[in-house]
Amino acid sequence: MTRSATVRTRVEHPELVAAAVRPDNTAQMRTKVSDGSVVTHIERPSVGGLRTTLDDYTVNVTVASEVAQHAHRFNTTQQ
């Protein structure tokens, strides 16, 4: 039996954040942008594996979002 979760995260720069987290996706993960949010579906064979993956993914999205915000601020102040 497979365990799954879908995470929808509203971020300021969803295309950029999705592009940043996609390289870390495994074959059982799909990331897309929908309605201004990064949406990732994750499947794992166990609850523990799903929990670990969700924890890692949450950190990755948080970091990617913060870097995108800083980059955007830097680019707008340098123009």
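One table, with the values for the structure above:
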| item | result |
| --- | --- |
| Of all residues making up the range 39-49, the number that are more than 13 Å from Val61 (Cβ to Cβ) and assigned to a strand (DSSP E or B) | 3 |
| Residue check, Ala20 modelled with pLDDT of 95 or more, among the small types (Gly, Ala, Ser) and within 10 Å of the chain's Cα centre (by Cα) | yes |
| All positions within the range 34-58 that are within 12 Å of Thr9 (Cβ to Cβ), among the β-branched types (Val, Ile, Thr) and out of contact with any strand residue (DSSP E or B) (no Cβ under 7 Å at 6 or more places or on another chain) | Thr58 |
| Verdict on Thr53 being over 10 Å from the mean Cα position of the chain (by Cα) and either assigned to a helix (DSSP H, G or I) or surrounded by 14 or more Cβ atoms within 10 Å (Cβ to Cβ) (or both) | yes |
| Every residue from the range 17-38 that is aliphatic (A, V, I, L, M), assigned to a strand (DSSP E or B) and farther than 17 Å from Glu66 by Cα | Met29, Val33 |
| Where Phe74 falls short, out of the listed (1) within 28 Å of Met1 (Cα to Cα); (2) exposed (fewer than 11 other Cβ atoms within 10 Å of the Cβ); (3) of a type in the set (Phe, Trp, Tyr) | (1) |
| Positions within the range 6-39 being loosely packed, with under 15 Cβ neighbours inside 10 Å and among the small types (Gly, Ala, Ser), in sequence order | Ala27, Ser34, Gly36 |
| Pairs with Cβ under 8 Å, 6+ apart, first in the range 13-31 and at positive phi, second surrounded by 13 or more Cβ atoms within 10 Å (Cβ to Cβ) | none |
| Which numbered condition Val59 fails, given (1) modelled with pLDDT under 95; (2) surrounded by fewer than 12 Cβ atoms within 10 Å (Cβ to Cβ); (3) among the aliphatic types (A, V, I, L, M) | (1) |
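The values are calculated or read from the model by the stated rules, or taken from the named source; none is laboratory data. These numbers come from a predicted model, not from an experiment. Note that we place each Cβ from the backbone using ideal geometry, even for glycine, and neighbour counts take in every protein chain shown.
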